[in-house]
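Working notes for the structure below.
The values are calculated or read from the model by the stated rules, or taken from the named source; none is laboratory data. This structure is a prediction, so every number in the text was calculated from the model and none was measured. Cβ sites come from the backbone with ideal geometry, for glycine too, and all protein chains shown count toward neighbours. For the accessible areas, the whole protein counts, side chains as well, though only heavy atoms, and no ligand, DNA or RNA atoms are used. Shrake-Rupley method; radii C 1.70, N 1.55, O 1.52, S 1.80 Å.
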Amino acid sequence: MIAAGAKSLLGLSIASPIGVSDINPRSVGVVRCCVSMEGSQTMSHNKNGSIPELKSINGQKQGPLSTVGNSTNIKWQECSVEKVDRQRLLNQKGCVIWVTGLSGSGKSTVACALNQMLYQKGKLGYILDGDNVRHGLNRDLSFKAEDRAENIRRVGEVAKLFADAGIICIASLISPYRVDRDTCRSLLPEGDFVEVFMDVPLEVCEARDPKGLYKLARAGKIKGFTGIDDPYEPPLNCEIALGHQETGTSPMEMAATVVGYLEKKGYLQA
Ligand SMILES: Nc1ncnc2c1ncn2[C@@H]1O[C@H](COP(=O)(O)OS(=O)(=O)O)[C@@H](OP(=O)(O)O)[C@H]1O
Ligand SMILES: Nc1ncnc2c1ncn2[C@@H]1O[C@H](COP(=O)(O)OP(=O)(O)O)[C@@H](O)[C@H]1O
């Protein structure tokens, strides 16, 4: 017998460019339990023939419940279309490119150049830029230390979702604290978090000052500005440091360095 979830999966496969045989066998191997249209329970056997024990509440099968932070009695929902299936569709591997550095160091410029370069190669990237995310999702956050930490935590979680979608997610934020960046790294499987440090001296960033923010900070009109009267902790073990002759100094050369890294590590194929 095929469970309802698997039936809809088969339906999807007719309309989609992938065939049933392309669906991740790990997902389909264990046929999931379901509730029939009439609300009566149907239950499928695991590969080894045993029936998983699940509690039934109002006709819905319930797995183990968890508490995460302040969220009590929550349950992780599975779907038989998994990351590996999405990656095959996109012919790439989902990952997070985390671009960190001072204001004016060129994070947004290199993020955009990288995204363009990926697009030209037929690869799907998406940029999460600190400035932009603060216009919406993180508009409630200031620049005090705990709000910066929350900013990075939320973007780290969103970036993880994008990577799970199979997308090459380019997160471009000052992210001044090492511990916050390391926490984001720990959310992803080994290798899937690529930390890119914009290794550009403060004097250069300040001379660029495209938004006039350093000038305001020096004049005391912005308090707690990174690099002036707020800390920036450079990475100790990043995957890529940009801003040196070897990794290129123009935005396109820098982007090419990152693309080269992704190619070498196999992220530009499924
Ligand atoms: N106090 C202070 N310190 C640093 N930056 C400031 C500040 N106030 C406003 N801005 C503007 O906010 C942009 C940085 O946002 P982020 O979300 O990347 O910052 S952080 O990661 O939470 O530290 C940053 O953008 P970039 O210049 O692109 O880095 C600034 O335009
Ligand atoms: N590799 C580079 N070389 C020279 N200037 C650059 C480079 N990358 C960016 N810039 C310039 O520096 C300024 C800051 O770049 P931006 O990408 O906005 O930095 P950030 O996002 O880190 O604040 C912009 O005026 C941009 O044109």
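Being within 11 Å of ligand 1 (Cβ to nearest atom), among the hydroxyl-bearing types (Ser, Thr, Tyr) and touching a strand residue (DSSP E or B) at 6+ places or on another chain (Cβ under 6 Å) holds for only one residue in Tyr232, Tyr177, and it is Tyr232. Within region 207-250, the residues that satisfy the criterion of being within 11 Å of ligand 2 (Cβ to nearest atom), over 17 Å from Asp131 (Cβ atoms) and in a helix (DSSP H, G or I) are Ala207, Thr247. The number of residues in region 80-113 that are within 16 Å of ligand 2 (Cβ to nearest atom), open to solvent by less than 10 Å² (accessible area, probe 1.4 Å) and of a type in the set (S, T, N, Q) comes to 2.
Scanning region 199-215 for residues that are closer than 23 Å to Lys144 by Cβ and either open to solvent by 70 Å² or more (accessible area, probe 1.4 Å) or touching a residue at least 60 places away in the same chain (Cβ under 8 Å) (or both) turns up Leu202, Cys205, Glu206, Asp209, Lys211, Leu213, Tyr214, Lys215. Of the residues that make up region 141-150, is at least one within 24 Å of Val81 (Cα to Cα) and in contact (Cβ under 8 Å) with a residue 60 or more places away in the chain? Looking through region 141-150, none of the residues is within 24 Å of Val81 (Cα to Cα) and in contact (Cβ under 8 Å) with a residue 60 or more places away in the chain. Scoring Asp140 on the criteria (1) near ligand 1 (Cβ under 8 Å from one of its atoms); (2) part of a loop (DSSP other than H, G, I, E, B); (3) surrounded by fewer than 22 Cβ atoms within 10 Å (Cβ to Cβ) leaves a single failure, condition (1). For region 117-133, the set of residues classified as open to solvent by less than 40 Å² (accessible area, probe 1.4 Å) and either near ligand 1 (Cβ under 9 Å from one of its atoms) or over 17 Å from the mean Cα position of the chain (by Cα) (or both) consists of Met117, Asp129, Gly130, Val133, listed by residue number. Scanning region 107-131 for residues that are in contact with an Asp or Glu (Cβ under 8 Å, 6 or more places away or on another chain) and closer than 10 Å to Ile97 by Cβ yields one hit, Ala111.
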